[in-house]
Each structure stands twice: as C-alpha cells, then as structure tokens.
Amino acid sequence: MKLNIKGITIFVEDYYLSMSKKSAEIVSHQIANKPNSVLGLATGSTPEGMYKELIQLYLNKKVNFDNITSFNLDEYYPINKDNKNSYAYYMNSHLFNHVNIDKDKTFIPNGKTENVDKMCKEYDQMIYDVGGIDLQILGIGNNGHIGFNEPDVDFELTTHLVKLDDKTIEANARFFANIDDVPKFAVSMGIQNIMQSKKIILMASGEGKAKIIHDMIFGKVTPNLPASILQLHNNVTILLDKKAAKLIIN
Ligand code: F6R
C-alpha cells in the first residue's frame with residue numbers, strides 16, 4: 001500500500017521481509033541512477049534485512065558498490081572498532097565484508113578518538129567535501145530519535161557527542177551481556193547533516209514503533225521528537241510493516 005500524508009510518501013508492506021526488499025530496491029535504484037552516490041547508513045535491528053537483501057542483489061550482479069562512498073550516522077563512545085557491539089563491526093559484518101564497496105570510502109565516527117570535537121568537525125567537513133549525502137537511511141528510536149539525536153530542547157545541528165537517553169540504553173541493552181555494558185555516550189550526525197541529505201528513507205517495523213511513527217507524522221515539529229523534523233524535508237519516504245503502520249492506516 002502506498003500513502004501520501006503531508007507530502008511524505010509512505011509504503012506499508014505486509015511484513016518485515018517485504019519492507020526490507022522494498023528499501024533495498026530504493027537503495028539499488030539510487031546506485032543505478034548515480035553509481036558514485038554518497039549513502040548515509042544506519043545500524044540497529046531495522047536495516048539488517050535491507051542489508052541482507054542488498055548483499056543478495058550484489059551477488060546477483062544487480063547492484064555495484066564499486067564507486068559508493070558511505071557515512072554512518074553514529075557510533076558509540078567510547079568504543080573500539082573491533083568491539084562486536086561497535087557500529088564499525090556491525091557494518092563490516094552486515095554489509096561491507098560481503099559486497100565490493102571500497103572500505104577506504106566508508107566512514108564511521110571514530111569511537112576511540114581522544115579529541116571528539118575535532119573528529120566531529122572533520123566528519124562534517126568530509127561530508128561537505130564529497131558534496132553531501134545523496135540518500136540517507138534512517139531507523140527511529142522508540143523515543144523518536146534519529147541517529148542518536150535524542151529528545152531535547154534544541155536540535156543539535158552537526159556531528160556531536162551525545163549522552164544517551166535512558167530509554168535508548170534500555171532499548172539497546174539487548175545487544176550487550178549486561179545493561180551496564182552499554183556505553184553511556186555516542187557520537188552522532190546532527191539534524192542538519194540529516195536534513196541536508198537529498199533523499200531520506202526511514203524504516204520502522206513492529207508494533208512497538210507504531211505510536212512514535214504516528215506522532216512523528218501527525219505531531220508538531222519539535223526537538224522533543226527529533227524525527228518530527230522530517231516533516232519539513234521535501235524528499236522523505238517512510239517504509240513500514242503493517243504493525244508499525246497500525247496507527248496511521250484504518
Ligand atoms: C542506528 C541509529 C538509531 C536506530 C534506532 C532504531 O544507527 O541511528 O537511530 O536507527 O535506535 O534502532 P532499531 O532499528 O534497533 O530499533
């Protein structure tokens with residue numbers, strides 16, 4: 001089912017698998033149209049299926065990552081890139097190790113740097129220098145975060161150090177042996193980095209995301225629900241499974 005609400009294109013797919021295939025299709029079309037695209041990448045559970053589909057498309061010679069540059073949204077801080085819970089490790093194991101992307105052109109905030117401010121500025125500059133992000137992939141936190149832009153009184157604009165919300169720490173504890181092992185901080189692209197992307201796709205699956213999806217589309221734009229800012233972007237596609245779309249379809 002395809003909807004258009006407030007100028008936002010929304011695809012509602014029956015299941016997580018079909019949602020993942022649809023998002024992989026959008027990414028592969030982007031690459032076909034612009035082989036040297038700059039992709040903004042997300043981690044977490046939601047895009048795992050999309051990455052699996054992209055690997056399949058690559059193995060079937062339907063997509064070529066040869067000229068792709070990528071920037072990940074975020075990374076825990078502090079964390080080593082060979083730690084299994086780092087997003088650097090996630091990207092290698094879920095995508096980069098399985099396709100022909102040039103790893104020298106894949107960028108993830110450095111979770112181990114001693115000079116976070118400098119690293120953040122350099123990250124913004126690198127995004128700027130390649131001409132910005134063509135297609136940004138997003139998930140959404142239960143609290144409405146995108147990247148690790150947590151609910152706040154202001155929007156953080158550029159790449160920055162974030163203190164993670166208790167809700168985020170709780171939600172992400174499932175990946176760690178113990179909740180105390182979840183890093184308390186992360187480095188995240190800011191709202192301006194995300195909003196300057198030429199196109200954005202946001203994915204969500206499962207009933208647990210239904211309320212936040214409803215609120216981000218129908219609520220007012222506020223830094224207290226960071227994803228609500230996407231109402232103001234002119235090229236956003238939201239991909240949902242039926243459960244996540246529960247409150248927006250009748
Ligand atoms: C991950 C990220 C986060 C996740 C969000 C949803 O790079 O930026 O915003 O997209 O926390 O996570 P999942 O998909 O695990 O529900």
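What to note about this one:
- Gly206, sole failed condition from (1) more than 9 Å from the ligand (Cβ to nearest atom); (2) modelled with pLDDT of 95 or more; (3) surrounded by fewer than 19 Cβ atoms within 10 Å (Cβ to Cβ); (4) not β-branched (Val, Ile, Thr): (1)
- Scope region 229-250; condition assigned to a loop (DSSP other than H, G, I, E, B) and in contact (Cβ under 8 Å) with a residue 40 or more places away in the chain; matching residues: Asn234, Lys242, Ala244, Ala245, Ile248, Ile249
- Tally of residues being within 17 Å of Ser93 (Cα to Cα) and either of a type outside the set (Ser, Thr, Tyr) or within 16 Å of the ligand (Cβ to nearest atom) (or both) across region 41-72: 22
- Test: residue in region 17-35 that is part of a strand (DSSP E or B), at pLDDT 95 or above, farther than 23 Å from Met216 by Cβ and hydroxyl-bearing (Ser, Thr, Tyr): no
- Number of residues in region 163-200 that are under 30 Å from His29 (Cα atoms) and at pLDDT below 95 equals 0.
- Residue list for region 28-60, restricted to those being surrounded by 19 or more Cβ atoms within 10 Å (Cβ to Cβ) and among the small types (Gly, Ala, Ser): Ser37, Gly40, Ala42, Gly49
- Test: residue in region 120-137 that is near the ligand (Cβ under 9 Å from one of its atoms), surrounded by fewer than 22 Cβ atoms within 10 Å (Cβ to Cβ), of a type outside the set (Asp, Glu) and modelled with pLDDT of 95 or more: no
- Test result for Ile8, in contact with a strand residue (DSSP E or B) (Cβ under 8 Å, 6 or more places away or on another chain), under 30 Å from Asp180 (Cβ atoms) and not acidic (Asp, Glu): no
- Verdict on Thr9 being within 16 Å of the ligand (Cβ to nearest atom) and under 29 Å from Phe218 (Cα atoms): no
- Identity of the residue in region 209-224, surrounded by 17 or more Cβ atoms within 10 Å (Cβ to Cβ) and closer than 30 Å to Val130 by Cβ, that ends up farthest from the chain's Cα centre (by Cα): Pro223
- Those residues of region 141-181 which are surrounded by fewer than 20 Cβ atoms within 10 Å (Cβ to Cβ), within 12 Å of the ligand (Cβ to nearest atom), hydrophobic (A, V, I, L, M, F, W, C) and touching a residue at least 40 places away in the same chain (Cβ under 8 Å), in sequence order: Phe175
- The condition of being surrounded by fewer than 22 Cβ atoms within 10 Å (Cβ to Cβ) and over 18 Å from the mean Cα position of the chain (by Cα) holds for only one of Asn110, Asn92, Asn85, Asn100, that being Asn100.
- Filter result (within 16 Å of the ligand (Cβ to nearest atom) and over 19 Å from Leu135 (Cβ atoms)) within region 91-108: Asn92, Ser93
- The residue pairs whose first member lies in region 25-47 and is touching a residue at least 40 places away in the same chain (Cβ under 8 Å) and at negative phi, whose second member is more than 16 Å from the ligand (Cβ to nearest atom) and assigned to a helix (DSSP H, G or I), and whose beta carbons are closer than 6 Å, counting only pairs six or more residues apart or on different chains, are Ser37/Gln30; Ser37/Ile31.
The values are calculated or read from the model by the stated rules, or taken from the named source; none is laboratory data. None of these values were measured; they are calculated from a predicted model. Neighbour counts run over all protein chains shown; Cβ positions are idealised from the backbone, glycine included.
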